[in-house]
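Before any comments, here is the structure.
The values are calculated or read from the model by the stated rules, or taken from the named source; none is laboratory data. Only a predicted model underlies this, so the values are computations on that prediction, with no experimental measurement involved. Cβ atoms come from the backbone with ideal geometry, glycine included; neighbour counts cover every protein chain shown.
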Amino acid sequence: MTAPLQISLAVNGERIDAYVLPRLNLADFLREHLQLTGTHVGCEHGVCGACTVRVNGDIVRSCLMLAVQTDNATVETIEGLSDSGEIADLQAAFRNRNALQCGFCTPGMLMAAQDLLRQRTAPDREQIREHLSGNYCRCTGYQAIIDAVETTARGRLERRP
Amino acid sequence: MKAAAFSYARATSVVNALELLAARGDDAKVLSGGQSLMPAMNLRLISPELIVDIGGIAELKGIAVRGDVLAIGALTRHVDLQRSPEIAAHAPLLTEAIAHVAHPAIRNKGTIGGSLAHADPASELPACMVALDATIVIGGQTGERRVAARDFFTGIYETALSADELLTAVELPVARKNSAHFFCEFARRHGDYAIVGVAAQAILEGDMFADLRLVFFAVGDRPALCSGVSKLINVAITPEILLNASTTLEAELDPPEDQQATASMRRHLARVLLTRCVSALLGRPVLAAGACA
């Protein structure tokens, strides 16, 4: 049973059929098998948040999930959110406020921030901090990231019909 | 690091999972949400030969109220507990505690059964189960058995579960009239494992406790049900009585020392939590101001 197993899933809207070893985690499957290298691998034990992706609509740590567990699942990565334009305003706010420097944490940070913005239209700074508390950034000191998420929330509220 | 190679079996039912565990239990690990198991495997702290994935077993999911019992399936995720109106109504201690369990992306995968079976002494849910006087439901080849939460946790990462058994559900008594709860923990970062924490469930009668179950975590090898609080039951609590109880608590606990805190710091923090807990439950902030120097 250590032999490869067949999985079938949707990644960023595309149907994927693959054979994977049981030990392969979702982050490595996305990066090595599908060349979706926007999902970053940092600590590999669920602490840093750099590998955050969406599975069936919920954000998860892709280093703490096996690829075989995503059989029949819908997976969305930073490439999917970026290409569809879903987070174009959030990305612009990060850029404008210098909310990234080296960029390693940014894909995971954007995934977690967008998850919050889908749940709350007007989060306060404490709620933003709490939702991003599982994502490490070693460059920015976080203040600019909180600012960018707050600005994005405000912008979306203003644009609502 | 990456997990070592292993075989993988997707259980289709509880019966099927138990068959797999009966055949291979000693070499197998049960995969539920994986939020404790996967880090341990990635760090090569454990390298099981077989993973039995129970994630797709529908009969293990869900929250139900049956009479005065609140039943929670083992695969119920932390985020499901957090959002459940049944939990908020009948076990509000859990609703409050769950916000301290890790971070949103972890709570979307982690399950109550996984957390309890893992039995990390610094984690929140085992302590809540003891405070709420929960019953752990365990499936095995010969049928079901029930173990009181206070007897379920037997050591660091150790429980009453044997290798061929599966934790299938927990049962909680629904909160009685005049119930009150308190939860607080000290951690380096919100969502990290606690340095010291407390979960408490009380029944108030006027301005006194008719019952008080106070459970500390991260102070020993398992959740510590504090026996010294018997001094606080059915008495009008004064700062002296509270001080006396917290001195007893200090003697009762034998906390570990690690890179986060010394044993004496943990004792001190436990006293602070006891005082805060009692004053919050009684709605008397002045107790906390005087009793713990």
Consider only pairs whose beta carbons are under 8 Å apart and that are at least six residues apart or on different chains; among these, list those whose first residue lies in the stretch B:117-132 and is more than 13 Å from B:THR159 (Cα to Cα) and whose second residue is aromatic (Phe, Trp, Tyr) and at pLDDT below 95. B:ALA122/B:TYR193; B:SER123/B:TYR193
Provide a single number: the residues in the stretch A:1-17 that are surrounded by fewer than 19 Cβ atoms within 10 Å (Cβ to Cβ) and more than 10 Å from chain B (Cβ to nearest Cβ). 9
Give A:LEU64, A:LEU81 a once-over and let me know the one that is modelled with pLDDT of 95 or more, crowded, with 21+ Cβ neighbours inside 10 Å and more than 9 Å from chain B (Cβ to nearest Cβ). A:LEU81
Top-ranked residue in the stretch B:232-243 [being surrounded by fewer than 15 Cβ atoms within 10 Å (Cβ to Cβ) and not small (Gly, Ala, Ser); ranked as nearest to B:ASP254 (Cα to Cα)]: B:GLU240
If we scan the stretch B:62-75, do we find a residue that is under 24 Å from the mean Cα position of the chain (by Cα) and within 14 Å of chain A (Cβ to nearest Cβ)? yes
Mind counting the residues in the stretch B:22-44 that are more than 10 Å from chain A (Cβ to nearest Cβ) and either touching a Gly at 6+ places or on another chain (Cβ under 9 Å) or surrounded by fewer than 17 Cβ atoms within 10 Å (Cβ to Cβ) (or both)? 7
If you go through the stretch B:172-227, how many residues are among the charged types (D, E, K, R), within 17 Å of the chain's Cα centre (by Cα) and farther than 21 Å from B:ILE106 by Cβ? 3
Under 6 Å between Cβ atoms, at least 6 apart or on separate chains: pull out the pairs that start in the stretch A:44-61 with a residue that is of a type in the set (Gly, Ala, Ser) and end on any residue that is surrounded by fewer than 24 Cβ atoms within 10 Å (Cβ to Cβ). A:GLY46/B:PRO39; A:ALA50/A:HIS40; A:ALA50/A:GLY42
With respect to the numbered conditions (1) under 16 Å from B:ASP120 (Cβ atoms); (2) more than 14 Å from chain A (Cβ to nearest Cβ); (3) surrounded by 17 or more Cβ atoms within 10 Å (Cβ to Cβ), which one is the sole condition not fulfilled by B:CYS184? (1)
Select, from B:ALA40, B:ALA17, B:ALA74, the only residue that is hydrophobic (A, V, I, L, M, F, W, C) and without any contact (Cβ under 8 Å) to a residue 12 or more places away in the chain. B:ALA40
Would you confirm whether any residue within the stretch A:121-140 is in a helix (DSSP H, G or I), more than 13 Å from chain B (Cβ to nearest Cβ), of a type in the set (D, E, K, R) and in contact (Cβ under 8 Å) with a residue 60 or more places away in the chain? no
So is B:ALA117 over 14 Å from B:GLN35 (Cβ atoms) and either modelled with pLDDT under 95 or away from chain A (no Cβ under 14 Å) (or both) or not? no
List the pairs whose first member sits in the stretch A:145-161 and is of a type in the set (Asp, Glu), whose second member is part of a loop (DSSP other than H, G, I, E, B), and whose Cβ atoms are under 8 Å apart, counting only residues at least 6 apart or on separate chains? A:ASP147/A:ARG97; A:ASP147/A:ALA99; A:GLU150/A:PRO123
